[in-house]
Amino acid sequence: MNPVSIIARKRDGGELSAGEIEAFVAGFTRGDVHDYQASALLMAIYLRGMTDDETAALTDAMLHSGTTLVWPDGSPPQVDKHSTGGIGDKTSLVLAPLLACCGVQVPMVSGRGLGPTGGTLDKLESIPGFRTDLSIDEIHRIVDRVGCVITGASAEIAPADRKLYALRDVTGTVASIPLITASIMSKKLAEGLDALTLDVKHGSGAFMKSLDDARRLANSLVETGRRMNVATTALLTDMHQPLGAMAGNAVEVDECVTLLEGESDGELRALTLALGAELLVSAGVDDSAEEAECRLADEIASGRAYEKLREMVAAQGGDLDAAREVAPASAVESPQAGYVAHIDSEQLGLAIIELGGGRKRQGDPIDHAVGLKMLVRIGDRVEQGQPLVGLFERQAHPLARRMTLEAFQFSDEPVAPPNLIEERIGP
Ligand code: URA
């Protein structure tokens, strides 16, 4: 394999074979292909794109750069959900235990906050004792015993993605649909899944700002899953405003616990049930989304899903009953009367980072106690002085408060709220 001729062909708009992609990625993972050569190929891919065949080959090569989870014959179907991320996006915490009550298993390998969007692992670490660094053996044992796990990617899973992502980050090549597809799918498919559903968000708090871009990414992800023989579907969902009420860390865990205690029926519940239904239908547990949603609702109503969350948390060293610290709340009030027309959700995510609830640099510590509570939604009529957001802050933080306030725009005319689920992509 000559890396230079592979780079040059992609630079000139040619198509690479699966063998060439596999050899390049394997060489890069071993250290035989240099960072500057991988950077050049990444830029060529960014500029020239990839065919579906090439994207699937890149995913396969990255997936097989490390360990994959292998489940014994006769195990229940293995399923998972991946979200492209957003503010207040906490469905994983509810979905994993809920699905584990329904005859499937969930070996969820998850991530930390990326930019203004929160990370599932950071949220879970607000539970005292909760471990997110499980070994491959521990993942197998807990999934076998409890039915679900949520942990971080160990160094053994898709190491090529870890190295490539670090290069993409510093070479302006993150925003490429084939590269994002291979990055996400290599890590998810390393879990040894039978079914995967993707929550692809669009809007002010999402990676993909427009519905068209979200649709292009979702199509690429679903097509790659299909080519890799994993039943894959996607929902295009709203991120023009935070999902549910809470955004932060401990406060999001509290919201999930409340949902599993059966005390909530808002957007978070609706989206969680829709995503769960996708997986139960793909895994063959239910024949229709309606049937699956009824099953999921029953598991919440019976308290079994809540008990399953406690079981998972305990298996991962945590104590769901131990107090989770939440900082004191104070209201951010509306400067005017009108209809809530626009919420800059990314700005709200950045305000949480200012409060200490997210990272400015890799490795920064996180204050799990801070965050915010949305008190209004797009389309709501508000009066001057009405609280828009509750800020959970350690002490008065004028910058975070100003950022929160500036995230809101108002209209004198009524405004239609955005659709929670815009579209479904899949068979
Ligand atoms: N998330 C990932 O895991 N990879 C990307 O490339 C983008 C988002």
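The values are calculated or read from the model by the stated rules, or taken from the named source; none is laboratory data. Remember, it's a predicted structure, so these values are computed and weren't measured experimentally. Counting neighbours? That spans all protein chains shown, and the Cβs are built from the backbone with ideal geometry, glycine included. Just so you know, the surface numbers come from the protein's heavy atoms only, side chains and all, with ligands and any DNA or RNA stripped out. Shrake-Rupley method; radii C 1.70, N 1.55, O 1.52, S 1.80 Å.
The lone criterion from (1) free of Cβ contacts under 8 Å to residues at least 40 places away in the same chain; (2) of a type in the set (G, A, S); (3) not in a helix (DSSP H, G or I) left unmet by G85 is number (1).
Counting only residues that are more than 15 Å from E333 (Cα to Cα) and free of Cβ contacts under 8 Å to residues at least 60 places away in the same chain, how many does region 368-398 have? Give the steps one after another, and end with the answer.
So the first thing to find is which residues in region 368-398 are more than 15 Å from E333 (Cα to Cα), and the list is 368-371, 378-379, 393-395.
Those left that are additionally free of Cβ contacts under 8 Å to residues at least 60 places away in the same chain: 379, 395.
Final tally of qualifying residues: 2.
Criterion first (more than 17 Å from the chain's Cα centre (by Cα) and not β-branched (V, I, T)) does S204 satisfy it? So that I can check it myself, show each step before the final result.
Values: more than 17 Å from the chain's Cα centre (by Cα): no; not β-branched (V, I, T): yes.
So S204 does not fit the description; no.
Considering the conditions (1) out of contact with any Gly (no Cβ under 6 Å at 6 or more places or on another chain); (2) part of a loop (DSSP other than H, G, I, E, B); (3) modelled with pLDDT of 95 or more, L405 is excluded by exactly one of them, (2). The criterion of at least 1 residues that are open to solvent by less than 10 Å² (accessible area, probe 1.4 Å) and among the charged types (D, E, K, R) is met, among helices (runs of 4 or more DSSP H) falling completely within region 250-325, by 250-260. Selection of region 379-409 for residues being open to solvent by less than 40 Å² (accessible area, probe 1.4 Å) and either within 27 Å of G357 (Cα to Cα) or among the basic types (K, R) (or both) yields G385, L388, V389, G390, L391, F392, E393, A400, M403, T404, A407, F408. Can you pull out the strands (runs of 3 or more DSSP E) entirely within region 99-202 that have at least 2 residues that are open to solvent by 10 Å² or more (accessible area, probe 1.4 Å) and within 11 Å of the ligand (Cβ to nearest atom)? The strands (runs of 3 or more DSSP E) meeting that bar are 106-110. When G225 is tested against the conditions (1) in contact with a helix residue (DSSP H, G or I) (Cβ under 6 Å, 6 or more places away or on another chain); (2) farther than 24 Å from E311 by Cα; (3) open to solvent by less than 10 Å² (accessible area, probe 1.4 Å); (4) touching a residue at least 40 places away in the same chain (Cβ under 8 Å), the lone failure is (1). A residue that is within 16 Å of the ligand (Cβ to nearest atom) and not in a helix (DSSP H, G or I) occurs somewhere in region 60-77. Among the residues here, G363 qualifies as among the small types (G, A, S), open to solvent by 40 Å² or more (accessible area, probe 1.4 Å) and out of contact with any Gly (no Cβ under 9 Å at 6 or more places or on another chain).
For residues that are in contact with a strand residue (DSSP E or B) (Cβ under 7 Å, 6 or more places away or on another chain) and either among the basic types (K, R) or over 17 Å from L193 (Cα atoms) (or both), tally how many sit in region 119-151.
If we filter region 119-151 for residues that are in contact with a strand residue (DSSP E or B) (Cβ under 7 Å, 6 or more places away or on another chain), which is where we start, we get 120-121, 124, 132-134, 139, 142-143, 147-151.
Imposing the further condition that a residue be either among the basic types (K, R) or over 17 Å from L193 (Cα atoms) (or both) reduces the set to 120-121, 124, 132-134.
Residues flagged as in contact with a strand residue (DSSP E or B) (Cβ under 7 Å, 6 or more places away or on another chain) and either among the basic types (K, R) or over 17 Å from L193 (Cα atoms) (or both) within region 119-151 amount to 6.
Is it the case that S83 is at pLDDT below 95, within 16 Å of the ligand (Cβ to nearest atom) and either closer than 26 Å to D298 by Cβ or within 9 Å of the chain's Cα centre (by Cα) (or both)?
Working: at pLDDT below 95: no; within 16 Å of the ligand (Cβ to nearest atom): yes; either closer than 26 Å to D298 by Cβ or within 9 Å of the chain's Cα centre (by Cα) (or both): yes.
For S83, the condition - at pLDDT below 95, within 16 Å of the ligand (Cβ to nearest atom) and either closer than 26 Å to D298 by Cβ or within 9 Å of the chain's Cα centre (by Cα) (or both) - is not met.
Scanning region 332-352 for residues that are surrounded by 15 or more Cβ atoms within 10 Å (Cβ to Cβ), hydrophobic (A, V, I, L, M, F, W, C) and out of contact with any helix residue (DSSP H, G or I) (no Cβ under 9 Å at 6 or more places or on another chain) gives V340, A341, I343. Residues that are crowded, with 19+ Cβ neighbours inside 10 Å, of a type outside the set (G, A, S) and either away from the ligand (no atom under 16 Å from the Cβ) or modelled with pLDDT under 95 (or both): does region 35-52 have at least one? No, region 35-52 has no match at all.
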